Amino acid sequence: MNTERIMSQLEKKHPGELEYLQAVREVLESIEDIYNQNPQFEAANIVERLIEPDRILTFKIPWVDDNGKVNVNLGYRVQFNQAIGPYKGGLRFHPSVNLSILKFLGFEQIFKNSLTTLPMGGAKGGSDFDPKGKSNNEVMRFCQAFMLELWKVIGPETDVPAGDIGVGGREIGFLFGMYKRLTQTHVGVLTGKGTNWGGSLVRPEATGFGNVYFAKEMLKTRNLDFNGKTVAVSGFGNVAWGAIIKVNQLGGKVVTISGPDGYIYDPDGISGDKVEYLLELRASNQDIVKPYSYKFTNAQFFEGKRPWEVKCDVALPCATQNELDKQDALNLMKNGCICVSEGANMPSTPEAIEIFLEHKILFAPGKAANAGGVATSGLEMSQNSMKLTWSANEVDTKLHDIMCNIHQACVKYGKDSEGTVNYVKGANIAGFLKVANAMLDQGVL
Ligand code: NDP
Ligand code: 2IT
C-alpha cells in the first residue's frame, strides 16, 4: 500500500470532500507500515475496501413549519463498515452537514467502535436541518419526517443510530416514536433513549466522562493527575457538559467554554450552579455563550475568539471539527499546556497535531478519547437485548474500564523506542487491525 497513490485516486474520485479526505489520510499514514508488513492485507485489498462506505442513503425531507410553510431538507445515512457488528453511529442535525462531513464521521466511527472492544460497525447520518430557533413541534415534525425514510435501513441488528451535534434526548425520543409507530416494534433501534423507555443511565454524561477518564490515564503515564490543573474546554454542548462535571469531580478547574459566537473565560472556575446554567443556555435554543458573562460577572466574553489563547494545563476541544489550528496549537504550547484530549471528532487540524507530536505532549485523538459515548451506546444495546437495566455505578465502572483498555491499546501500538506514545498512531493501528482481520475472515464482500 502506498498512501500517496491511494489518496490521489481518492481525491480524483471525491474532489472537494475535504473532511473525508483528511480523515482517511490520517489513518492511512498511521497504518501504512503495519499494513505492508502483513501481505495478507494487500492480497485482499483491505485498504480500498475500507475507505469507501458499503452504501449511502440520501433522501429529501419535506416538512411543514409553524407558519404553514413547506420546507425541504436533505437527509443521509452513510453505512460504512459492518465487519465487527451492526452499523453504529450518531445522527447530526446542523446546517453545515454534507456528505464529506458524514463520510469523515462514519469512517472515524469504524475505528472508534473497534477500539471500544464492543461489537459495533461504523456509520453516521444526519441532515442539514438547523434546530436553532425551531419550536418543539417543528423539531418533532422534522424528526418524524426524517424517520419516514430512515426506518427502511435501520434496525437493532442492522444499524443503530444515536445522537451527535443537534441531536440529543429530545430528538431521539421523536425519532424513536416514529420508528415504533412504523414498525409496531419496541426495540433498541436507537441509543441515547430516555431512561424510562430503554435508555442507559450515564449515556448523556458518557462522552465527556470518557474523555476525562482517557486524559486521566494519559496524565498518569507522567505521574500527574487532574488535581489543581487548569482546564480549557471548547463548546458548551453535551460533550463539554459531561467533561466539565468530571474535571470538577477530579479536582481540576475549568476556565473556558465556547460557542460559535466566541468564548467565555471564567477565572473562578465553571462548577456547581454554573454547570446547571450551561443546560439552561443550551435549552434556550440560541446556541450562544455570551449570556454567561451577564450572569456571572467575573467572567469575560471574547467575541469571535477561541479558548486556546488562555493559559491552561489541559485542553479539551469538545465543539466541532477543525476548531483548533496550527496557531492555536502554538499558543497552547507557549502557555505550557501538557495534555490535549479530543472530545469532539477531529477538532485539531493536521498541522495542529503535528505541533503536538513535535512537542511530545500528551495528545489523544477523538477516535480514542471520545469513544466513551458510543461505548455506552454499546452498553445500552446490551441492556436492551437482555431486557435489563444496569445501575449508574455499574455502567460508569464499565465505561471507565473501557477507556482504560483503549488507553492501553494505544500505548501498545503507539509507543516508540524512546518510550513516547503516539496516541494517533496507536489508536489507528489498534482500531484497524481488529476490523481488517474480521474482513479477512469473512471473505471478499
Ligand atoms: P451539541 O449539539 O450538544 O453541541 C455542539 C455545539 O457546539 C453545536 O450546537 C455548535 O453550535 C457548537 N459549535 C459549533 N462550532 C463551534 C465552535 N467553533 N466553537 C464552539 N462551539 C461550536 O453536540 P455534542 O456535544 O454532542 O457534540 C460535540 C462534538 O462531540 C462533535 O464533534 C461530535 O461529533 C462529538 N461527539 C459527540 C458524541 C455524543 O455522544 N454526543 C460522542 C462522540 C463525539 P452551532 O450549531 O451554533 O454551530
Ligand atoms: O461520534 C460519536 O461517537 C457519537 N456521536 C456517538 C455515536 C453513538 O452511536 O453513540
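At a glance:
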| item | result |
| --- | --- |
| Among the candidates 110, 56, 84, 31, residue that is out of contact with any Phe, Trp or Tyr (no Cβ under 6 Å at 6 or more places or on another chain) and closer than 29 Å to residue 349 by Cβ | 56 |
| Qualifying residue in region 75-85 (condition: hydrophobic (A, V, I, L, M, F, W, C), assigned to a helix (DSSP H, G or I) and either out of contact with any strand residue (DSSP E or B) (no Cβ under 7 Å at 6 or more places or on another chain) or more than 21 Å from residue 18 (Cα to Cα) (or both)) | no |
| Which listed residue is polar (S, T, N, Q) and within 14 Å of ligand 1 (Cβ to nearest atom), from 377, 385 | 377 |
| Residue check for residue 410: in contact (Cβ under 8 Å) with a residue 24 or more places away in the chain, not acidic (Asp, Glu) and not in a helix (DSSP H, G or I) | no |
| Sole residue being more than 16 Å from ligand 1 (Cβ to nearest atom), open to solvent by less than 10 Å² (accessible area, probe 1.4 Å) and without any contact (Cβ under 8 Å) to a residue 40 or more places away in the chain, chosen from 147, 178, 140 | 147 |
| Residue, farthest from ligand 2 (Cβ to nearest atom), within region 84-100, restricted to residues that are under 17 Å from residue 52 (Cβ atoms) and buried (at least 24 other Cβ atoms within 10 Å of the Cβ) | 87 |
| Hey, residue 48 open to solvent by 50 Å² or more (accessible area, probe 1.4 Å) and either part of a helix (DSSP H, G or I) or under 25 Å from residue 129 (Cα atoms) (or both) or not | yes |
| Single condition residue 397 does not satisfy, out of (1) within 16 Å of ligand 1 (Cβ to nearest atom); (2) of a type in the set (Val, Ile, Thr); (3) closer than 17 Å to residue 117 by Cα; (4) surrounded by fewer than 21 Cβ atoms within 10 Å (Cβ to Cβ) | (1) |
| Selected residue [within 16 Å of ligand 1 (Cβ to nearest atom), hydrophobic (A, V, I, L, M, F, W, C), more than 22 Å from residue 115 (Cα to Cα) and in a loop (DSSP other than H, G, I, E, B)] from 226, 236 | 236 |
| Selection count where residues are open to solvent by 20 Å² or more (accessible area, probe 1.4 Å) and of a type in the set (Val, Ile, Thr), scope region 51-78 | 5 |
| Subset of region 176-204 [part of a helix (DSSP H, G or I) and more than 13 Å from ligand 2 (Cβ to nearest atom)] | 176, 177, 178, 179, 180, 181, 182, 183, 195, 196, 197 |
| Test: residue in region 347-354 that is crowded, with 23+ Cβ neighbours inside 10 Å and either over 21 Å from residue 108 (Cα atoms) or at pLDDT below 95 (or both) | no |
| Among residues of region 355-372, those that are crowded, with 20+ Cβ neighbours inside 10 Å and under 15 Å from residue 427 (Cβ atoms), counted | 12 |
| Selection count, region 155-175, where residues are more than 12 Å from ligand 2 (Cβ to nearest atom) and either open to solvent by 30 Å² or more (accessible area, probe 1.4 Å) or among the β-branched types (Val, Ile, Thr) (or both) | 6 |
| Boolean, residue 206 is more than 19 Å from residue 91 (Cβ to Cβ), aliphatic (A, V, I, L, M) and within 14 Å of the chain's Cα centre (by Cα) | no |
| Selection count where residues are part of a helix (DSSP H, G or I) and under 26 Å from residue 401 (Cβ atoms), scope region 104-144 | 9 |
| Residue that is nearest to ligand 2 (Cβ to nearest atom), among those in region 115-132 that are in contact with an Asp or Glu (Cβ under 9 Å, 6 or more places away or on another chain) and open to solvent by 10 Å² or more (accessible area, probe 1.4 Å) | 131 |
| Yes/no for residue 8 being surrounded by 16 or more Cβ atoms within 10 Å (Cβ to Cβ), outside any loop (DSSP other than H, G, I, E, B) and among the polar types (S, T, N, Q) | no |
| Pairs with Cβ under 7 Å, 6+ apart, first in region 14-31 and over 17 Å from residue 99 (Cβ atoms), second assigned to a helix (DSSP H, G or I) and open to solvent by 40 Å² or more (accessible area, probe 1.4 Å) | 26/350; 30/425 |
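Results for (1) crowded, with 19+ Cβ neighbours inside 10 Å; (2) within 9 Å of ligand 1 (Cβ to nearest atom); (3) over 23 Å from the mean Cα position of the chain (by Cα); (4) assigned to a strand (DSSP E or B), shown as yes or no for each residue.
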residue	(1), (2), (3), (4)
247	yes, no, no, no
251	no, no, yes, no
255	yes, no, no, yes
258	yes, yes, no, yes
268	no, no, yes, no
286	no, yes, no, no
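The values are calculated or read from the model by the stated rules, or taken from the named source; none is laboratory data. Here the structure is a predicted model, which means the values were calculated and not measured. Quick reminder, even Gly has a Cβ in these numbers, built from the backbone with ideal geometry, and neighbours come from all protein chains shown. When the accessible area is computed, the model is the full protein with side chains, heavy atoms only, and any ligands, DNA or RNA have been set aside. Shrake-Rupley method; radii C 1.70, N 1.55, O 1.52, S 1.80 Å.
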